[in-house]
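One structure is given below, encoded as structure tokens.
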Amino acid sequence: MPAKQPEALSYEQARAELAEVVQKLESGGGTLEESLALWERGEKLAQICQHWLDGAKAKLDAATP
């Protein structure tokens with residue numbers, strides 16, 4: 001899956017790509033450089049997911065009387 005710009009990823013896209021990154025890291029076999037790049041991408045994807053979740057929580061909090 002080609003990496004999209006972070007702002008262009010939906011929560012579902014970021015979560016799915018993060019799952020792929022985790023699977024690749026768990027399977028091993030890559031070089032240290034590849035593993036580090038995957039780790040960094042995973043960190044970014046986790047931030048994107050958290051951003052979406054924080055936004056959803058804020059909307060829910062605002063809607064709750």
Item checked: In degrees, nearest ten, helix 32-63 long axis to first principal axis of the chain (Cα) -> 10
Check: Which value, in Å² and to the nearest 10, is the accessible area of L60 when all protein chains are kept and the probe is 1.4 Å?
Finding: 120
Check: To the nearest 500 deg cm²/dmol, what mean residue ellipticity at 222 nm is calculated for the chain from DSSP H runs of n ≥ 4 alone, each contributing -39,500 (n - 2.57), summed and divided by the residues?
Finding: -26500 deg cm²/dmol
Notebook entry, point to check: Could you give the accessible area per residue of the chain, probe 1.4 Å, as a whole number in Å²?
Noted result: 78
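Can you give the convex hull volume of the alpha carbon atoms of the chain per residue, in Å³? It would help to have the intermediate numbers written out before the result.
Working: hull volume 5.3 nm³, N = 65.
Output value, Cα hull per residue: 81 Å³.
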Note to self: I'd like the orientation of helix 11-27 relative to the chain: the angle between its Cα long axis and the longest Cα principal axis, in ° from 0 to 90, rounded to 10.
What the structure shows: 30
Note to self: Once neighbouring chains are kept in place and the probe is 1.4 Å, which whole percent of the accessible area of the chain is contributed by carbon and sulfur?
What the structure shows: 60
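The values are calculated or read from the model by the stated rules, or taken from the named source; none is laboratory data. This one's a predicted model, so the numbers in the text were calculated from it and none came from an experiment. For accessibility, only protein heavy atoms count, side chains too; no ligands or nucleic acids. Shrake-Rupley method; radii C 1.70, N 1.55, O 1.52, S 1.80 Å.
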